[in-house]
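The values are calculated or read from the model by the stated rules, or taken from the named source; none is laboratory data. Because the structure is predicted, anything quoted here is derived from the model rather than measured. Positions of Cβ are backbone-derived with ideal geometry, glycine not excepted, and every protein chain shown enters the neighbour counts.
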Amino acid sequence: MSSPENTATDQDPTVSRSTVPRSRKPVRAIGGLVAVVLIALTFTACNPKVSAKDAIARYWGGHASCAERIVQRESGFQAAVRNPSSGTIGLFQLHPTHKAWVKRTYGYDWNELTDPYKNAKVAKGLSEEAYRYYGDGFQPWRLSGRAIRGGGCPA
């Protein structure tokens, strides 16, 4: 007597296994899911420019478009970039002369400024300090280094 697990294909060698109908729905579903995940990763936080723009929008508010132009000029939206000759770091290419102020004000170590959110936050704080001292919040990113009281976007 045969066991209940045996099927007609197990008993009769003339019956081909290929004639047993199979559903392709699980394979299509998995393929679709993989495609959606890949698309999502392409257009979200895995994309450095997207996370940089999100960080800028979070901290710069109404000045985000100018901040984006500064970041394009300074780092090309590459958060981890460092200038070996000047020591500047991150999206906004913050200068090492601000290390002590960054540590005292934000508690960040200098190497943490490769994080786009931390860099954008510190840059916004630096901009506010520059505005208080010079009347020009964009003075740290002016090519001349000179403050222009009430000056507009330098980039």
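Taking the range 1-107 as the region of interest, the helices (runs of 4 or more DSSP H) fully inside it that hold 3 or more residues being at pLDDT 65 or above are 25-42, 48-60, 64-75, 99-106.
All told, Gly137 meets the bar of being at pLDDT below 95, outside any helix (DSSP H, G or I) and in the same structural domain as Lys53 (by TED's automatic domain parsing). In the set (1) over 15 Å from the mean Cα position of the chain (by Cα); (2) surrounded by 14 or more Cβ atoms within 10 Å (Cβ to Cβ); (3) assigned to a helix (DSSP H, G or I), the condition left unmet by Lys121 is number (1).
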